[in-house]
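A short worksheet on the structure shown next.
The values are calculated or read from the model by the stated rules, or taken from the named source; none is laboratory data. Keep in mind the model is a prediction, meaning the values are calculated, not measured. Glycine gets a Cβ as well: all are built from the backbone with ideal geometry, and neighbour counts include every protein chain shown.
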Amino acid sequence: MDTVAVTGGNGELGSALLAELAERGHHTVNLSRGERRESVADEYLRTDLLDPGEVYGSLARADPDAVAHFGTIPRPDETPDHVTFRSNAQTPYHVLDAAEALGVETVVLASSLSAMGAGFEDEVDVRFLPVDETHPLTPSNPYGLGKQVAEAVADGFGRRERAPRTVASLRFPLVTGEAQLRTVFAEADRSPEAVRDAGFFRKARKTLFAYLHVEDAVALAVRALEADFTGHEVFFGAARDTTVAAPSSELADRYDAEVRESFEGYESLIDTRKAEEWLGWSADRSWRDL
């Protein structure tokens, strides 16, 4: 894997991935709209990811061995619904279609916990805990629906003979940096009562009290880019613990869900063992360490 193209390299996660890939000695290409906002990539190709011709042209020029597609709208409250859905659902098709035509071996897609119906719904539908990749997908909002469609598109390409050999969809929860972990979590009162008084508890419950340090998210993306399985696979990424200073068993009781494994401490309500077993990845960073 000599050259890696990263769509959305202007964003926080995309730019962090570019920096890590550069540190590892890879030639990197940033495919993004608008003005360049990072100085790490070896090349910058201004690309409208909603235009299939531009996607094909930029990837043909970049000639990558692998593509990390992070160039989608990161949250649904800043754009009209149809724009949000189109970004999440259509751009993965354009990337995978161009990658297939150009013989790219590996594609990694940024999916989301929202694909299962978490995060931006009025209420999250949790059937069992800890949640894993087999959990039913029940989104209804445009952001989550777009992520679900993107995973279905990736499934379809995974069944094609000439498609990229390895396609991974990474379901990220809240991805945050060190400064936010320190100020919002480590230096604050994260008891359920304090979180509820601050108005955050309901939102945290809808996201399964999950989060991920940006460096752990980047590490997961790198492991997926280096993977050699065949077809399309989905992987959850999450920190080892939750965002609230309460035992996970108490948090699990707040869902009408089957508890399949006992919770002994503050462990995450999301099961990341598939990423551990398939990719050799696990999250290393916790706000509690700060």
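The figures follow:
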item	result
Filter result for THR84 (among the polar types (S, T, N, Q), within 25 Å of GLY9 (Cβ to Cβ) and in contact with a strand residue (DSSP E or B) (Cβ under 9 Å, 6 or more places away or on another chain))	no
Matching option when the condition is touching a residue at least 24 places away in the same chain (Cβ under 8 Å), among the polar types (S, T, N, Q) and surrounded by fewer than 21 Cβ atoms within 10 Å (Cβ to Cβ), among THR183, THR230	THR230
So LEU17, is it free of Cβ contacts under 8 Å to residues at least 24 places away in the same chain, in contact with a strand residue (DSSP E or B) (Cβ under 7 Å, 6 or more places away or on another chain), on the phi < 0 side of the Ramachandran plot and buried (at least 17 other Cβ atoms within 10 Å of the Cβ)	no
Every pair of residues 6+ apart whose Cβ atoms lie under 9 Å, when the first sits in segment 67-93 and is without any contact (Cβ under 8 Å) to a residue 60 or more places away in the chain while the second is hydrophobic (A, V, I, L, M, F, W, C) and in a loop (DSSP other than H, G, I, E, B)	ASP77/PHE120; THR79/ILE73; VAL83/ILE73; SER87/LEU49; SER87/LEU50; SER87/ILE73; GLN90/LEU49; GLN90/LEU50
Check on GLU38, of a type outside the set (A, V, I, L, M, F, W, C), surrounded by fewer than 24 Cβ atoms within 10 Å (Cβ to Cβ) and assigned to a loop (DSSP other than H, G, I, E, B)	yes
Which numbered condition LEU109 misses (of (1) touching a strand residue (DSSP E or B) at 6+ places or on another chain (Cβ under 9 Å); (2) over 20 Å from VAL218 (Cβ atoms); (3) surrounded by 18 or more Cβ atoms within 10 Å (Cβ to Cβ); (4) in contact (Cβ under 8 Å) with a residue 40 or more places away in the chain)	(2)
Given (1) among the acidic types (Asp, Glu); (2) under 30 Å from VAL67 (Cβ atoms); (3) surrounded by 19 or more Cβ atoms within 10 Å (Cβ to Cβ); (4) in contact with a Ser or Thr (Cβ under 7 Å, 6 or more places away or on another chain), number of the condition ASP241 does not satisfy	(2)
Segment 1-45, subset of a type in the set (S, T, N, Q) and touching an Asp or Glu at 6+ places or on another chain (Cβ under 8 Å), residue farthest from ASP228 (Cα to Cα)	ASN10
Single match in ALA98, ALA66, ALA60 (criterion: more than 23 Å from ALA275 (Cα to Cα), buried (at least 21 other Cβ atoms within 10 Å of the Cβ) and over 16 Å from the mean Cα position of the chain (by Cα))	ALA98
Neighbours by Cβ (under 9 Å, 6+ apart or cross-chain): first from segment 257-274, surrounded by fewer than 21 Cβ atoms within 10 Å (Cβ to Cβ) and in a strand (DSSP E or B); second among the hydrophobic types (A, V, I, L, M, F, W, C) and at pLDDT 95 or above	GLU258/PHE128; GLU258/LEU129; VAL259/PHE128; VAL259/LEU129; VAL259/ALA252
Count of residues meeting criterion [of a type in the set (A, V, I, L, M) and surrounded by fewer than 22 Cβ atoms within 10 Å (Cβ to Cβ)] in segment 186-217	6
One residue from ARG86, ARG75 being out of contact with any Gly (no Cβ under 7 Å at 6 or more places or on another chain), assigned to a helix (DSSP H, G or I), within 17 Å of ALA110 (Cα to Cα) and among the basic types (Lys, Arg)	ARG86
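Table: residues versus (1) modelled with pLDDT of 95 or more; (2) of a type in the set (Ser, Thr, Tyr); (3) touching a Ser or Thr at 6+ places or on another chain (Cβ under 8 Å).
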site: ASP65; (1), (2), (3): yes, no, yes
site: PHE70; (1), (2), (3): yes, no, yes
site: ASP77; (1), (2), (3): no, no, no
site: THR91; (1), (2), (3): yes, yes, yes
site: ALA99; (1), (2), (3): yes, no, no
site: THR106; (1), (2), (3): yes, yes, yes
site: SER111; (1), (2), (3): yes, yes, yes
site: GLU121; (1), (2), (3): no, no, yes
site: LEU129; (1), (2), (3): yes, no, no
